[in-house]
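The values are calculated or read from the model by the stated rules, or taken from the named source; none is laboratory data. As the structure is a computational prediction, the values presented were derived from the model and not from experiment. Cβ placement follows ideal geometry from the backbone for every residue including glycine, while neighbour counts extend to all protein chains displayed.
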């Protein structure tokens, strides 16, 4: 899903125009970015936490030539998923595992 698809999905769900939803999403993203620039964490309870981390300069290699190079220091954005999001992502796998177990049990019952 890209940003345009997200805007359409939210607009359909909440009954707002795509323009209104686009403005809201853009403002949310802008506020998250502003807080990260200021060094603040952005915690969305149940969803996750955005934070800025420092990465020190380090040695690296050009994968094509093997030439050594220095990767400069920088800040990176890190996202840590919240417990609710982790659970939602795992549910389809748990359901699939349960469905497979049920299918295996049915096959075993037929053999007996």
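Here are a few things to note about the model shown:
- Of all residues in the stretch 93-110, at least one satisfies being in a helix (DSSP H, G or I), surrounded by 10 or more Cβ atoms within 10 Å (Cβ to Cβ) and either at pLDDT 95 or above or under 20 Å from the mean Cα position of the chain (by Cα) (or both).
- Residue match in the stretch 22-31 (condition: loosely packed, with under 13 Cβ neighbours inside 10 Å and touching a strand residue (DSSP E or B) at 6+ places or on another chain (Cβ under 9 Å)): yes
- Single unsatisfied condition, residue 66 versus (1) farther than 27 Å from residue 41 by Cβ; (2) modelled with pLDDT under 95; (3) surrounded by 10 or more Cβ atoms within 10 Å (Cβ to Cβ): (3)
- Options 6, 16: the member that is in contact with a helix residue (DSSP H, G or I) (Cβ under 9 Å, 6 or more places away or on another chain), assigned to a loop (DSSP other than H, G, I, E, B) and at pLDDT 95 or above: 16
- Selection within the stretch 32-44 - in a strand (DSSP E or B) and in contact with a strand residue (DSSP E or B) (Cβ under 7 Å, 6 or more places away or on another chain): 42, 43
- Look at the stretch 15-33: where a residue is outside the structural domain of residue 75 (by TED's automatic domain parsing) and a partner is surrounded by 11 or more Cβ atoms within 10 Å (Cβ to Cβ), sitting 6+ places away or on another chain with Cβ atoms under 6 Å, you get 18/7; 18/11; 21/7; 21/10; 21/11; 22/7; 32/42; 32/50.
- Within the span defined as the stretch 72-88, every residue fails to be within 20 Å of residue 6 (Cα to Cα), at pLDDT 95 or above, assigned to a loop (DSSP other than H, G, I, E, B) and under 23 Å from the mean Cα position of the chain (by Cα).
- Summed over the stretch 45-65, residues that are out of contact with any helix residue (DSSP H, G or I) (no Cβ under 9 Å at 6 or more places or on another chain) and either part of a strand (DSSP E or B) or within 15 Å of residue 81 (Cα to Cα) (or both) total 8.
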